[in-house]
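> One structure, as structure tokens, below. Some questions next.
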Amino acid sequence: MRTIELRGNEVILIDQTQLPQRLVRVRCRSAGEVAAAIEGMKIRGAPALAAAAAMALAVTALRSRARTKERLLRELESAGRRIGRTRPTAVNLFVGLERALSAARAAPDVASARAAVVQEAKNIAEEDVRVNRRIGENGAALLDVGDVVLTHCNAGSLATVDYGTALGVIRAAHRAGKKIKVIATETRPLLQGARLTAWELRREKIPVTVVTDGMVGYLMAKGMVDKVVVGADRIAANGDAANKIGTYSIAVLAKEHGVPFYIAAPLSTFDPNLKTGAEIPIEERRPEEVIFFRGVRVVPKGVSVFNPAFDVTPARYITAFITEKGVVKPGELSKLFKS
């Protein structure tokens with residue numbers, strides 16, 4: 001299931017705010033429209049944002065009337081700044097922007113630059129699918145027959161171009177006949193687990209049970225969780241990892257109860273420029289996401305709300321990272337970046 005595609009001079013993406021009630025696709029004809037879709041959570045998930053960012057620049061290039069490479073580059077850089085303001089935590093978004101811009105800068109003339117941006121956006125999308133399948137294969141080996149796997153937020157096809165990272169691991173294990181069962185946390189306040197993860201798994205007939213975020217400790221104390229597999233939005237050089245708010249709590253509980261805690265993520269999610277998770281910028285979203293639930297006010301007027309979208313899990317709580325290059329422990333991350 002493709003979450004996002006470049007068709008002609010438009011970006012076509014699934015509107016994730018409409019799920020699970022309706023499967024609706026949105027057409028974006030400019031970088032501004034792609035940026036609005038990202039800010040409105042119509043498209044989300046770190047790998048998907050890399051593709052969205054590059055495709056936003058591709059649309060800009062295709063619709064540009066620039067007659068010189070210099071003029072086109074100014075338009076692309078302006079579009080890139082707009083996209084870059086949308087989601088500060090997911091490093092993949094910035095990787096996608098830089099790859100597309102670098103392709104344009106390296107081209108000899110305006111026509112070549114335009115074609116290079118479009119091709120790079122397509123390359124990023126296709127690479128994402130291949131990488132996710134390798135992550136799935138590598139991670140499936142960690143899961144045993146009959147395992148109950150807990151996952152938080154959505155790291156499936158909807159968070160990538162296709163297949164998924166954490167859900168890619170679960171998909172691969174399921175297709176290998178391991179009879180995996182999944183527990184999906186609802187993931188407050190936007191319910192990505194209840195709405196999106198459960199929807200994806202149900203489509204593939206993978207058994208899934210949705211629980212509220214506050215139930216994880218109870219489940220682990222009762223021995224109802226065998227493994228935890230989640231995604232990530234940015235991973236620092238020391239292995240500290242930012243993921244959807246609530247991940248840190250789950251990791252601490254997993255450590256307490258002896259449950260392996262895995263993060264499935266492509267190399268593009270690792271940011272070796274940041275020494276620790278303390279340097280990862282954490283996005284704070286609108287308080288209205290907490291104040292209202294499906295249009296109904298659930299917080300009294302006059303009460304303040306704090307709504308960080310992510311938290312950082314220290315490396316000491318992470319059993320291993322599942323990547324396209326294999327499974328590595330936090331203390332071995334340097335191996336991933338050796339040529």
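Read the figures in this text as sums done on the coordinates, not as results from a lab. Quick caveat, the model's predicted, so the values are computed rather than measured. In this analysis, Cβ positions are derived from the backbone assuming ideal geometry, glycine residues included, and neighbour counts consider all displayed protein chains.
> Testing the spin-label approximation: label points 7 Å from Cα along Cα→Cβ at Ser334 and Arg286. State their distance in nm.
With each label placed 7 Å out from Cα toward Cβ, I get 4.6 nm.
> So what is the relative contact order of segment 4-133, in percent, for Cα pairs below 8 Å that sit 6 or more residues apart? Walk me through the numbers on the way to the answer.
Values: 202 pairs, mean separation 33.0, N = 130.
With pairs under 8 Å counted, the relative contact order is 25 percent.
> While we're here: How much length, in nm to one decimal, is gained on full extension between Arg67 and Asp144, taken as 0.36 nm per residue of separation minus their Cα-Cα distance? Please list the in-between numbers first.
Details: separation 77, 0.36 × 77 = 27.72 nm, distance 5.82 nm.
Difference between extended and current length: 21.9 nm.
> Would you order Tyr163, Tyr218, Tyr317 from fewest to most other beta-carbon atoms within 10 Å of each residue's own beta-carbon? Numbers along the way, then the final one.
Values: Tyr163 24, Tyr218 11, Tyr317 20.
Ascending number of Cβ neighbours within 10 Å: Tyr218, Tyr317, Tyr163.
> How high is the FRET efficiency from Glu204 to Arg74, r the C-beta distance, R0 41 Å, rounded to 0.05? Present the calculation step by step, with values, prior to reporting the outcome.
Details: r = 45 Å, r/R0 = 1.10.
That gives a FRET efficiency of 0.35.
> Also, quick follow-up: Take the residue pairs Lys227/Lys275; Lys181/Lys325; Lys205/Lys227; Lys178/Lys205; Lys181/Lys244 and return only those whose Cα atoms are more than 24 Å apart. If you can, show how the numbers build up before the last one.
Working: Lys227/Lys275 28 Å; Lys181/Lys325 26 Å; Lys205/Lys227 20 Å; Lys178/Lys205 13 Å; Lys181/Lys244 22 Å.
From the list (Lys227/Lys275; Lys181/Lys325; Lys205/Lys227; Lys178/Lys205; Lys181/Lys244), the Cα-Cα distance tops 24 Å for Lys227/Lys275; Lys181/Lys325.
> May I pose another question? Rounded to the nearest 20 debye, what is the charge dipole size of the chain about its Cα centre when +1 sits on each Lys and Arg Cβ and -1 on each Asp and Glu Cβ? The partial results should precede the final answer.
Details: 51 positive and 35 negative charges, 151 e Å.
Once rounded to the nearest 20, the dipole reads 720 debye.
> Okay, moving on. Consider the candidate values (1) 66, 54, 38; (2) 70, 41, 35; (3) 60, 43, 39; state which one is Cα extents along the principal axes in Å computed from the structure displayed.
Checking each listed value against the structure points to (1).
> Also, I was wondering about something else. When a/c is below 1.5 the answer is rounded, else prolate if a/b is larger than b/c, else oblate, so apply that to segment 126-179 with a ≥ b ≥ c taken from the square roots of the Cα gyration tensor eigenvalues. Write down the numbers at each step before the final one.
Numbers: a/c = 2.50, a/b = 1.49, b/c = 1.67.
Note, shape of segment 126-179 comes out oblate.
> Related question: Take the alpha-carbon centre of segment 49-78, take the same for segment 236-307, and report the distance between them in whole Å.
Spelled out, the Cα-based centre of one part sits 32 Å from the other.
> Quick one, can you get me the convex hull of the C-alpha atoms of segment 1-124 expressed as volume per residue in Å³? Kindly include the intermediate steps, with their values, before the conclusion.
On the way: hull volume 10.3 nm³, N = 124.
Roughly 83 Å³ of hull volume per residue.
> Could you work out how far helix 46-63 tilts from the main Cα principal axis of the chain, as a 0 to 90 degree angle to the nearest 10?
20
> Among Gly168, Asn273, Leu57, whose Cα lies farthest out toward the positive end of the dipole of the chain, if unit charges sit on the beta carbon of Lys, Arg (+1) and Asp, Glu (-1)?
Of the candidates, Leu57 comes out farthest on the positive side.
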